[in-house]
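The values are calculated or read from the model by the stated rules, or taken from the named source; none is laboratory data. The model shown is predicted, which means the values in this text are computed figures rather than measured ones. All Cβ positions, even for glycine, are placed from backbone atoms using ideal geometry, and neighbour counts span all protein chains on display. The area values use the complete protein model at the heavy-atom level, side chains included, leaving out ligands, DNA and RNA. Shrake-Rupley method; radii C 1.70, N 1.55, O 1.52, S 1.80 Å.
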Amino acid sequence: MASKVFKLIAEEAHRQKYGLEMIPSENYVSENVLKALGSILTNKYSEGFPGRRYYGGNEVIDKIENYAVELAKKLFKVPAAFVQAYSGSPANQAVTMAVCEPGDVVMGLSLSSGGHLTHGAKLSFSSLFYKAVNYSVGEDWKIDFDELEELAKKHKPKLIWAGTTAYPFKLDYKKFKKIADEVGATLVADCSHITGLIIGGVHQSPVPYVDIIMTTTHKTLRGPRGAIILVTERGLKKDPEIKSKIERAIIPGLQGGPHNHQTAAIAVSLEEALKPSFKKYAVQVAENAKILAKELGTVSETHLVLLSLTKYGYGLGYQAQYALEEAGITVNKNTIPGEPASPFYPSGIRLGTPALTTRGMKEKDMVKVAGWIKRVLEEIKGLDLPKEQDKRKDFLKEVKVKLAKNKNLKTIKAEIERFAGKFPVPGIR
Ligand SMILES: Cc1ncc(COP(=O)(O)O)c(C=O)c1O
């Protein structure tokens, strides 16, 4: 008898094909990436690194990992790459362990300004075991480099993160470098969200400016879930031991056996990213985001749109996420800079174009998508978050039930299903 899981996978495939996936950190991988991920490589244990394994039988696995490393070095034009980290968060932990001693100061963009948990957020390892100092964005929603410099001079960080998770502008690595050099910090670019855009030439490469780069492989890069750590020439000069420190942080520091099926799938996605067609894809991702942002009344220089909902009412992030989901559009609620409501009940949503662009959608399609989004957002008017904190949970439960019955949302969902169903998704018939 077939596993119950396959029925559920078919259910999820339907959702992925007939809806609009607009979470900016998501994408659709190719059939070849899926094939490598589902391969027999998952059967093998291979703790250690190529040529230095604790187990026998790793001749082929060594070739696969070496191949992935070579492709990563070629794609990013750096002298060293590591592909074993299970995902972005453990990769950032490995980088932090390689650069810092417990208790050292690390600096990153605050969560509420669009930074990532692993860059020094409360409750993350990065603030539990290290002294985290956060910089933020100014009123223009852009990184406040004056504040960053002041904080860096005061706290003398060992590591500065230059990377974002909900930030619609390009990053100025030169400015980061100047400050890192002033205080002697190791500068690490976390390009997880924008790697595809860097490869496509839409964003500048951080390679000349930073010491280390971390990128997840499953966002704009369009590979399997995973991560790559890269060391630049500058990084090797700064610390000639950095390669062995990163290896030691991965194993025995944090991990055991690498996920070889994942390493192979990363290699497949790197092969794909080296093709000219990937550049075209990345350029289209950014063009689509620009049009989407414009239609929604804001701007984007990246693959994502951070949309404030304050013109529709107070604290509407959850309500918007629920309403859009009812209509077949998947996004996530997000705080906006200077959040007027609450970090737990934020006032914005974050939308992205990488997945829709993989399906072949272009500018004219983004205009349609923005039209549906605007129609959905009309439906949350009047559903403002209660000012009394103790009423919020129950209120949102009621809102969810109410939105599930909303006829206008059902009409929009039917329109979206007809539209989305025409665009192919790799691996879904
Ligand atoms: C900038 C950044 N770094 C790291 C990560 C963590 O990656 P993962 O979810 O694979 O642990 C993310 C994920 O959203 C991210 O946006």
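Kindly provide the set of residues from the stretch 77-111 that are within 18 Å of the chain's Cα centre (by Cα) and surrounded by fewer than 24 Cβ atoms within 10 Å (Cβ to Cβ), ordered by number.
Across the stretch 77-111, the qualifying residues are 86, 87, 89, 90, 93, 110, 111.
From the list 355, 414, exactly one residue is within 30 Å of residue 192 (Cβ to Cβ), out of contact with any helix residue (DSSP H, G or I) (no Cβ under 8 Å at 6 or more places or on another chain) and in a helix (DSSP H, G or I). Which is it? Full working, then the answer.
Values: 414 fails: within 30 Å of residue 192 (Cβ to Cβ).
Of 355, 414, the one residue that is within 30 Å of residue 192 (Cβ to Cβ), out of contact with any helix residue (DSSP H, G or I) (no Cβ under 8 Å at 6 or more places or on another chain) and in a helix (DSSP H, G or I) is 355.
Which residue pairs have Cβ atoms closer than 6 Å, lie 6 or more positions apart in sequence or on different chains, and pair a first residue in the stretch 110-133 that is without any contact (Cβ under 8 Å) to a residue 12 or more places away in the chain and outside the structural domain of residue 159 (by TED's automatic domain parsing) with a second residue that is open to solvent by 40 Å² or more (accessible area, probe 1.4 Å) and within 12 Å of the ligand (Cβ to nearest atom)?
Close Cβ pairs satisfying both conditions: none exist.
Looking for whichever is closer than 30 Å to residue 122 by Cα, in contact with a strand residue (DSSP E or B) (Cβ under 7 Å, 6 or more places away or on another chain) and open to solvent by 40 Å² or more (accessible area, probe 1.4 Å) here; the options are 333, 400. Which one fits?
333
Any chance you could count how many residues in the stretch 187-202 are farther than 25 Å from residue 348 by Cα and either part of a loop (DSSP other than H, G, I, E, B) or open to solvent by less than 20 Å² (accessible area, probe 1.4 Å) (or both)?
Count: 6.
Against the definition (closer than 27 Å to residue 282 by Cα and open to solvent by 10 Å² or more (accessible area, probe 1.4 Å)), how does residue 225 come out, yes or no?
Answer is yes for this residue.
Which members of the stretch 371-384 meet the condition of being within 28 Å of the chain's Cα centre (by Cα) and either farther than 22 Å from residue 296 by Cα or not in a loop (DSSP other than H, G, I, E, B) (or both)?
371, 372, 373, 374, 375, 376, 377 - these are the residues of the stretch 371-384 that are within 28 Å of the chain's Cα centre (by Cα) and either farther than 22 Å from residue 296 by Cα or not in a loop (DSSP other than H, G, I, E, B) (or both).
Would you mind finding the one in 112, 87 that is within 30 Å of residue 261 (Cβ to Cβ) and of a type in the set (Ser, Thr, Tyr)?
87
Of the residues 375, 429, which is basic (Lys, Arg), outside the structural domain of residue 316 (by TED's automatic domain parsing) and surrounded by fewer than 18 Cβ atoms within 10 Å (Cβ to Cβ)? Walk me through how you get there before you give the answer.
Values: 375 fails: outside the structural domain of residue 316 (by TED's automatic domain parsing).
Going through 375, 429 in turn, the sole match is 429.
It is to be established whether one or more residues within the stretch 341-356 are surrounded by fewer than 20 Cβ atoms within 10 Å (Cβ to Cβ) and either more than 21 Å from the chain's Cα centre (by Cα) or closer than 15 Å to residue 166 by Cα (or both).
Yes, some residue in the stretch 341-356 is surrounded by fewer than 20 Cβ atoms within 10 Å (Cβ to Cβ) and either more than 21 Å from the chain's Cα centre (by Cα) or closer than 15 Å to residue 166 by Cα (or both).
Name every residue in the stretch 203-218 that is closer than 19 Å to residue 96 by Cα and either aromatic (Phe, Trp, Tyr) or open to solvent by 20 Å² or more (accessible area, probe 1.4 Å) (or both), in order of residue number.
Passing the criteria: 207, 209.
Let's see how each residue does on (1) within 16 Å of the ligand (Cβ to nearest atom); (2) in the same structural domain as residue 241 (by TED's automatic domain parsing); (3) touching a residue at least 60 places away in the same chain (Cβ under 8 Å):
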site	(1), (2), (3)
163	yes, yes, no
169	yes, yes, yes
186	no, yes, yes
201	no, yes, yes
208	no, yes, no
220	yes, yes, yes
225	yes, yes, yes
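Do we find that residue 195 is within 16 Å of the ligand (Cβ to nearest atom) and either touching a residue at least 40 places away in the same chain (Cβ under 8 Å) or not acidic (Asp, Glu) (or both) in this structure?
Yes, satisfied.
Consider only pairs whose beta carbons are under 9 Å apart and that are at least six residues apart or on different chains; among these, list those whose first residue lies in the stretch 357-373 and is of a type in the set (Gly, Ala, Ser) and whose second residue is assigned to a helix (DSSP H, G or I).
Matching pairs, first to second residue: 370/291; 370/292; 370/293; 370/294; 370/295; 371/295.
Taking the stretch 227-284, which residues are under 20 Å from the mean Cα position of the chain (by Cα) and small (Gly, Ala, Ser)?
Residues satisfying the conditions are 227, 265, 267, 269, 273, 282.
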